[in-house]
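Participant: Here it is: the structure, laid out below.
The values are calculated or read from the model by the stated rules, or taken from the named source; none is laboratory data. A quick note: this is a predicted structure, and the numbers were derived from the prediction, not measured. Using ideal geometry, Cβ is built from the backbone for each residue, glycine included, and neighbour counts are taken over all protein chains shown. SASA here: full protein model, heavy atoms, side chains in, ligands and nucleic acids out. Shrake-Rupley method; radii C 1.70, N 1.55, O 1.52, S 1.80 Å.
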Amino acid sequence: MPSLLKSVKSRMYIFAHRKARGLLEGEYASIFHGRSLDFEDLRAYVPGDEVRDIDWKATARVGTPLVKRHKATRRQQLLFVVDTGRNMAAIARGGETKKDIAVMAMGVLGSLALNHGDQVALVHGDSRGTHALPAQGTEGHLEGLLRRVNAAAALGAGESRLAGQLEYAAARFKRRMLLVVLADEVAVDVRITNVMRRLAAQHEILWVQIDDAELAGAEAAARASYDVAEMGPVLTALAADPELARDYARAAAARAEALTGLLVSRGIAMARIGHTGQVVQSLFALLERHRRAQ
């Protein structure tokens, strides 16, 4: 099987030019700004840098803005919490499977972590159980995490039950770390609300939602749709009947509003991604929103 990580890196070069990749690196580094960091050296200021990082004395000497660059004095940890229930084998808005987008997002963020000397770990599962792989800091390990998610998120998997994976993470990971949730459109309930309250008090959290394919309207009517959660065909009437389409849209909007409200109340930034081509830019915006909220 070809390397999933190499594929991710190739697509990063296709979808983002060098400057954009550099800005993405800077946004990742800013997550742990001020936490066990030591001064390393100076570099030229680029848009998006914090004004507080400008070294004014050095800037005055050379006549161009310079910012201080820091390095972590100890390794940080990045924990992926991924829904690998059969919902993630469904088609996303852009026509790819949701797990393809999740693997791309994991590969991008995991590569950033390794570039900064950090370690990556994984918690994943479905209604049948939760599994974990410990933190390590090598590309071989990250490749293993990507392969695990790619293999586990299949039509033969159990139903998606993200609350179980979040509760596992809350119970077993006590050290403060960056926790990245990757899942499809989640319905907020008491379990989700309670566990997110606990996790937000323990960790830095980013939420990546993989958007569903359109199930209503002319585009949906033109193709056959299959509900992987219920393991049956979607009624074609949903795609063709305007009233049913409106009811579906209202229900989807209510779910989205409930999740957004929960995350905002906990200070958690969210990105919605429907295609692998959106991953790099969406993650950059996500990291930027997280930094500004700190």
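Participant: Could you list, in sequence order, all residues of region 210-247 that are within 18 Å of Ala90 (Cα to Cα), at pLDDT below 95 and not in a loop (DSSP other than H, G, I, E, B)?
Facilitator: Within region 210-247, Asp212, Glu219, Ala220, Ala221, Tyr226, Asp227, Gly232, Pro233, Thr236, Leu238, Ala239 qualify.
Participant: Can you tell which of Ala90, Ala121, Ala105, Ala60 is among the hydrophobic types (A, V, I, L, M, F, W, C), open to solvent by 10 Å² or more (accessible area, probe 1.4 Å) and over 15 Å from Ser160 (Cβ atoms)?
Facilitator: Ala60
Participant: Counting only residues that are open to solvent by 60 Å² or more (accessible area, probe 1.4 Å) and modelled with pLDDT of 95 or more, how many does region 168-186 have? Even if it seems obvious, please write down each step before you answer.
Facilitator: Within region 168-186, the subset open to solvent by 60 Å² or more (accessible area, probe 1.4 Å) is 172, 174-176.
Add one more test, that the residue is modelled with pLDDT of 95 or more, and what stays is 172.
Adding up the residues that qualify gives 1.
Participant: Ok, one more. If you scan region 8-24, which residues turn out to be buried (at least 16 other Cβ atoms within 10 Å of the Cβ) and either touching a Phe, Trp or Tyr at 6+ places or on another chain (Cβ under 7 Å) or at pLDDT 75 or above (or both)? Break it down into steps so the answer makes sense when it comes.
Facilitator: Initially, region 8-24 is screened for residues buried (at least 16 other Cβ atoms within 10 Å of the Cβ), giving 8, 11-12, 15-16, 21, 23-24.
Correct list: Val8, Arg11, Met12, Leu23, Leu24.
Participant: Residue check, Gly267 against (1) of a type outside the set (Lys, Arg); (2) part of a helix (DSSP H, G or I); (3) at pLDDT 90 or above, all met but one. Which one?
Facilitator: (2)
Participant: Taking the criterion of being closer than 26 Å to Val280 by Cβ, among the aliphatic types (A, V, I, L, M) and either touching a Gly at 6+ places or on another chain (Cβ under 6 Å) or at pLDDT 75 or above (or both), would at least one residue in region 27-36 satisfy it?
Facilitator: Within region 27-36, one or more residues are closer than 26 Å to Val280 by Cβ, among the aliphatic types (A, V, I, L, M) and either touching a Gly at 6+ places or on another chain (Cβ under 6 Å) or at pLDDT 75 or above (or both).
Participant: Hey, can you tell me all the residues within region 70-116 that are farther than 10 Å from Ile210 by Cβ, more than 15 Å from the chain's Cα centre (by Cα) and part of a helix (DSSP H, G or I)?
Facilitator: Arg86, Ala89, Leu114, Asn115
Participant: Under 6 Å between Cβ atoms, at least 6 apart or on separate chains: pull out the pairs that start in region 117-138 with a residue that is part of a strand (DSSP E or B) and end on any residue that is open to solvent by 40 Å² or more (accessible area, probe 1.4 Å) and hydroxyl-bearing (Ser, Thr, Tyr).
Facilitator: Val123/Tyr168; Thr130/Tyr168
Participant: Another question, then. Which of (1) open to solvent by 10 Å² or more (accessible area, probe 1.4 Å); (2) under 25 Å from Arg198 (Cβ atoms); (3) at pLDDT below 95 does Ala135 not meet, given it meets every other one?
Facilitator: (3)
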